[in-house]
Amino acid sequence: MTASKLPLSRRRLLQGSAALAAGAGMGLLKPAAAAEPMRWDDTVDVLVVGAGAAGASAALTAQRLAAKVLIIEKAPYAGGTTMKSVGGIWVPNNRFLRQAGVQDTREDALRYMVRLSYPESYDARHPSYGAPADGLHMIATYYDHAARVLDGWHDAGVLNLSNEFAPGVQMPDYYAHLPQNKVPSGRALVPMTPDGKVGNGAELVRQFRAALDAAGIPIQTGLRAQRLIMEAGHVAGLAVTSGGGKTLHLRARRGVIFASGGFTHNPQMRRDFLKGPVFGGCAQPASEGDFITIAGEVGAQLGNMSNAWWCQIPLDQALDSPSVPTGIWCTPGDAMVQVNRFGRRFLNEKFVYNERTQVHFQWDPVAAEYPNLLSFMIYDARTATEFAGYAPIPPIGPLPPHVHTADTLDELASRLAAHLQKLTPHTGGVRLADDFLPQLKASVARFNEQAQTGKDLDFKRGQTPIEPFFHQFGPQPVLNNPHPNPTMHPLADHGPYYAVILVAGTLDTKGGPRIDEHARILDVRNRPIPGLYGAGNCVASPTGPAYWAGGATLGPAITFGALAAEHSMRNTDSNAAETT
């Protein structure tokens, strides 16, 4: 068949191809140039993004497996949100329990964790206790490796840990009172200072940093991860930018491990994903959810995005800076109540911060509002003195802007009402109900009556093991309360009175790309993305919505950071065989 007899569409295609070829020959059109080889600014075996506890655990593990390691950190300083934490690490079946002869069996621990992580499907008689197979697998992975990893850091002298907050005193689990908890205390570990005192997150970071420095692992701050560099379907490295805007290409022959924090300080992600209005949190300011975008570009599957490690925070502080100095771990004070805009108590002020905070998200479908959006923490002069310095109660001295005071409850209500008018743009116009003052007085009167008997008939304040523990082992414990319940003391019948407006916040979020038992990032079809790992608050936490106990944030972070490094160094699908 001649060209003239071809169909018109076919003839036009051939003519176009010929024209393109002729144009290329005359220099009018140039064929696409072959991609230039990537120019790497540095090459390591394992690249860790984030210099908190998860990143430190990952880097040290990789280095001990003979890897060349580099840690990069977006913030101008190392330590991450770990620096601002209490520093507890929750480890079931830890060395101290075993040495004491306490049997923290796998079955018992899994039953407790599933009860909290999957309460809607929990079934003690089911082989998986009612958890989905993948969820149980991740929880079981944590039990199987947490003690090994943390015992290992303790034995190696990297961390100096104890499970005693005072001689003979162990922290109860947050749900020590549930029948599913067979080891109600002793799982929470704390870092010990060189002089034998209980440390905090800063001490934990100091211990990790000393080990990193001794191992010669560099930490480069002020570098922001931008995008993954892929080669033949594998993660080969990472493009990062410096504070001056320079782009660097960092190669990772064995893997890139993200330990970069959550998205607490990304307002759009907070609005899009979290289950209710959140005004800020304790996470360090660089926690902006970078990994969600970066991993999403290579097909990562997201999970647990509506959940966070919740805590109440002072509204006025959050409006000044969303990265607040600290959350309200245990609402301080015994002569203290929290009421909503209707003047009514609406929660147990002394229960765990994670659970307390979620009461702010209650929705009134008829009024179309969050009735507990704002909480007014009301306390008297005795509490202001006895609990001075226990956030949000300030040290004795001039009052900071987040504390409001007046000589009477009437005057305090008026000042709060006036202050709320100034905050209208930030609260949707929330105001005190018309009967706020009489309801507040009624709430205080009822609380005072119940404080005399020691029984909170409304919210059971002080009746779980964790509440008196928090109350007694705060920075300034109160020992002179003559009433039956140490967490309850009648408010004085005269002023001055004080108020702090509290709202929902986070320690950080705990949703992001999903991981498997090796901390590999999974794609949308549940396949591992070769060479990409994650641990800590930047990934979907194996805990789900639950907060098992104090240290349930750092425990999984440190454990899965180590698991990521271990897998990257034995991974036969990595780029390790390639030359630089």
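The values are calculated or read from the model by the stated rules, or taken from the named source; none is laboratory data. It should be emphasised that the depicted structure is a prediction, and the values quoted were computed from it without experimental measurement. Reconstructed Cβ throughout: ideal geometry from the backbone, glycine too, with neighbour counts over all protein chains shown. Accessible surface areas use protein heavy atoms only, side chains included; no ligands, DNA or RNA. Shrake-Rupley method; radii C 1.70, N 1.55, O 1.52, S 1.80 Å.
The order of 387, 470 by accessible area, most exposed first and with a 1.4 Å probe, is 470, 387. With respect to the chain, whose longest principal axis is taken over its alpha-carbon atoms, helix 201-215 is tilted by about 30°. On the basis of the beta-carbon distance and an R0 of 60 Å, residue 415 and residue 232 show a calculated FRET efficiency of 0.35.
Quick check: residue separation of residue 271 and residue 246 times 0.36 nm, minus the Cα distance between them. What number comes out in nm? Can you show the working numbers first?
Details: separation 25, 0.36 × 25 = 9.00 nm, distance 3.13 nm.
The span from residue 271 to residue 246 would gain 5.9 nm if fully extended.
Assign one of three labels to the stretch 37-104, namely rounded, prolate or oblate, based on the Cα gyration tensor with a ≥ b ≥ c the square roots of its eigenvalues; rounded applies when a/c is under 1.5, prolate when it is not and a/b is larger than b/c, and oblate otherwise.
Verdict is oblate for the stretch 37-104.
Loop sites only, by DSSP: take the GluC sites (Glu not before Pro) in the chain that have at most 16 other C-beta atoms within 10 Å and name the longest stretch containing none of them. Walk me through the numbers on the way to the answer.
Working: sites that count: 120, 164, 297, 578.
That would be 298-577.
Rounded to the nearest 10 degrees, the inclination of helix 436-453 to the longest alpha-carbon principal axis of the chain is 70 degrees.
Between residue 214 and residue 366, the modelled labels are 6.5 nm apart [label points 7 Å from Cα along Cα→Cβ].
Summing -39500 (n - 2.57) over the DSSP H runs of n ≥ 4 in the chain and dividing by its residue number, what mean residue ellipticity at 222 nm do you reach, to the nearest 500 deg cm²/dmol?
-9500 deg cm²/dmol
The angle between the Cα long axis of helix 106-117 and the longest principal axis of the Cα atoms of the chain comes to about 80 degrees, rounded to the nearest 10. A 1.4 Å probe run over the protein chains yields, for the stretch 388-432, 54 Å² of accessible area per residue, whole-number rounding.
Over every Cα atom in the chain, the radius of gyration and the widest Cα-Cα span, Dmax, amount to 27.7, 108 Å.
Checking every one of the trypsin sites (Lys or Arg not before Pro) in the stretch 479-580 against DSSP loop status and a limit of 14 other Cβ atoms within 10 Å picks out 525. Taking 26 Å as the limit for the C-alpha separation, the pairs 84/510; 84/246; 74/422 exceed it in the case of 84/246; 74/422. Annotation for the stretch 189-264 versus the stretch 394-461: alpha-carbon center distance of 43 Å.
Computed on protein heavy atoms with a 1.4 Å probe, the accessible areas place 269, 113 in the order 269, 113, largest first.
Heavy-atom accessible surface of residue 424, to the nearest 10 Å², is about 60 Å², with a 1.4 Å probe and all protein chains retained.
Rounded to two decimals, what is the ratio between the C-alpha radius of gyration of the stretch 104-252 and 2.2 N^0.38 Å?
Working: Rg = 20.9 Å, N = 149, 2.2 N^0.38 = 14.7 Å.
Against the compact-globule rule of thumb, the ratio is 1.42.
Per atom type, the stretch 414-469 shows carbon and sulfur on 53% of its accessible surface, probed at 1.4 Å. Solvent exposure of residue 265, expressed as accessible area, is near 30 Å², computed with a probe of 1.4 Å over the protein chains only. For the stretch 142-242, the solvent-accessible area of protein heavy atoms averages 40 Å² per residue (probe radius 1.4 Å; ligands and nucleic acids excluded).
To put it simply, the accessible area of the stretch 82-185 at a 1.4 Å probe is 52 percent carbon and sulfur. Candidate cross-link partners of residue 455 among the aspartates and glutamates, defined by an alpha-carbon separation under 16 Å and a same-chain spacing of 8 or more, comprise 334, 349, 467.
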